Amino acid sequence: MLGSNQLSGPIPASLGNLTQLNILSLSSNQLSGAIPVALGNLTYLRQVQLSSNQLSGTIPTVLGSLIHLIEVALSDNLLSGEIPPELGKLTNLRGLTLSSNHLSGTIPSSLGNLAELDWLSLNGNHLSGSLPSSLTVLWLSRFWFDATDLCELGDAAFQSWLGGIGDLRRTDIMCGVRSLSGTVWHDVDGDGSQDPQEPVLRGVTALLSRSSGSLAAIAAGREVVTDGRGIYRFANLAAGAYRLRCSRQRGRCRQTP
């Protein structure tokens with residue numbers, strides 16, 4: 001156990017050679033870089049504790065092959081990308097803490113396979129969309145998903161399940177059925193209208209935020225990237241007023257009527 005020291009630099013990939021290792025405890029250091037894929041070699045690993053570092057990159061999908069894991073703690077880092085659906089294979093997992101990173105996308109429905117899971121912390125990320133109904137089979141004592149753009153299913157069964165969780169931090173926002181989409185183009189002449197010679201822009205980030213007083217909106221801080229046709233789309237919006245802007249200078253966001 002090497003937690004709470006002044007360790008810095010990347011996690012050595014050579015740790016993957018310690019094939020009999022049971023606990024990897026490196027929390028509260030100054031480690032940086034990606035989580036090594038070589039950790040997938042540690043087939044007897046039961047605990048991965050890497051919280052409170054400066055780790056970046058994505059969560060390796062190979063962690064889903066470590067079937068003996070009972071804890072994965074990766075909170076308070078700089079991790080990005082989506083939560084790997086492969087984590088749903090960790091059927092012995094009791095604790096999954098991913099709080100305070102830069103994770104995006106939705107919660108994989110496969111997490112409903114984690115029958116032994118006791119606590120799940122996802123708060124403080126850029127996660128969006130609805131909580132999957134598959135989670136209702138879990139007997140969680142802690143579930144944190146506040147400070148995200150996640151919404152709750154409004155049916156009685158789902159709300160009853162949430163109400164039975166003792167340590168619950170939630171968004172208190174019901175999922176909507178509305179969507180917002182449109183096109184981003186290069187506004188060469190700056191007139192706010194797309195002329196025939198002005199091309200659409202792919203890979204541009206569109207940011208949606210609440211308008212003041214729009215408390216029902218669930219889209220504060222939500223971001224999507226335009227596709228090859230320059231189109232963006234936000235789904236699961238509750239009724240309310242929104243503000244829309246694009247990341248690229250002179251890129252205009254046009255909403256589809």
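The values are calculated or read from the model by the stated rules, or taken from the named source; none is laboratory data. A quick note: this is a predicted structure, and the numbers were derived from the prediction, not measured. FYI the Cβ positions are ideal-geometry reconstructions off the backbone, even for glycines, and counts take in every protein chain you see. All accessible areas refer to the heavy atoms of the entire protein, side chains included, with ligands and DNA or RNA removed. Shrake-Rupley method; radii C 1.70, N 1.55, O 1.52, S 1.80 Å.
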Task: Residue within segment 20-38 that is touching a Lys or Arg at 6+ places or on another chain (Cβ under 6 Å) and closer than 28 Å to E152 by Cβ present - done: no
TODO: Residue by residue through segment 74-96, note down the ones that are open to solvent by 10 Å² or more (accessible area, probe 1.4 Å), in contact with a strand residue (DSSP E or B) (Cβ under 9 Å, 6 or more places away or on another chain) and within 19 Å of D118 (Cβ to Cβ).
DONE: S75, R94
- [ ] Tell me which residues, restricted to segment 41-63, are without any contact (Cβ under 8 Å) to a residue 40 or more places away in the chain, in a loop (DSSP other than H, G, I, E, B) and hydroxyl-bearing (S, T, Y).
- [x] T43, Y44, S52, T58
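Run down R248, R243 and say which single residue is assigned to a loop (DSSP other than H, G, I, E, B) and modelled with pLDDT under 85.
Matching residue, one of R248, R243: R248.
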Open item on the list: So, in segment 147-159, exactly how many residues are buried (at least 16 other Cβ atoms within 10 Å of the Cβ) and in a loop (DSSP other than H, G, I, E, B)?
Closed with: 3
Open item on the list: Here is a check on your reading of the model: is S160 among the hydroxyl-bearing types (S, T, Y) and without any contact (Cβ under 8 Å) to a residue 12 or more places away in the chain?
Closed with: yes
- [ ] Please name all residue pairs, on different chains or six or more residues apart, with Cβ atoms under 9 Å, provided the first residue is in segment 121-136 and is closer than 9 Å to A147 by Cα and the second residue is of a type outside the set (A, V, I, L, M, F, W, C) and in a helix (DSSP H, G or I).
- [x] none
Open item on the list: I need the full set of residues from segment 27-40 which are among the aliphatic types (A, V, I, L, M) and part of a loop (DSSP other than H, G, I, E, B), in order please.
Closed with: A34, I35
Open item on the list: For F143, only one of the following conditions fails: (1) closer than 29 Å to N92 by Cα; (2) part of a loop (DSSP other than H, G, I, E, B). What is its number?
Closed with: (2)
Open item on the list: Just to check your reading of the model, which residue among N22, N41, N17, N5 is surrounded by 15 or more Cβ atoms within 10 Å (Cβ to Cβ) and not hydrophobic (A, V, I, L, M, F, W, C)?
Closed with: N41
Task: Those residues of segment 64-82 which are within 14 Å of L120 (Cα to Cα) and assigned to a strand (DSSP E or B), in sequence order - done: E71, V72, A73
TODO: Please specify each residue of segment 109-140 satisfying the condition of being assigned to a loop (DSSP other than H, G, I, E, B) and either under 17 Å from the mean Cα position of the chain (by Cα) or farther than 16 Å from R169 by Cα (or both).
DONE: L114, A115, E116, L117, L122, N123, G124, N125, L131, P132, L138
Open item on the list: Against the definition (under 23 Å from T61 (Cα atoms), buried (at least 19 other Cβ atoms within 10 Å of the Cβ) and in contact with a Leu (Cβ under 6 Å, 6 or more places away or on another chain)), how does L135 come out, yes or no?
Closed with: no
Open item on the list: For segment 179-203, which positions are in contact (Cβ under 8 Å) with a residue 60 or more places away in the chain and loosely packed, with under 12 Cβ neighbours inside 10 Å?
Closed with: G190, G192
Open item on the list: Tally up the residues in segment 1-26 that are outside any loop (DSSP other than H, G, I, E, B) and on the phi > 0 side of the Ramachandran plot, please.
Closed with: 1
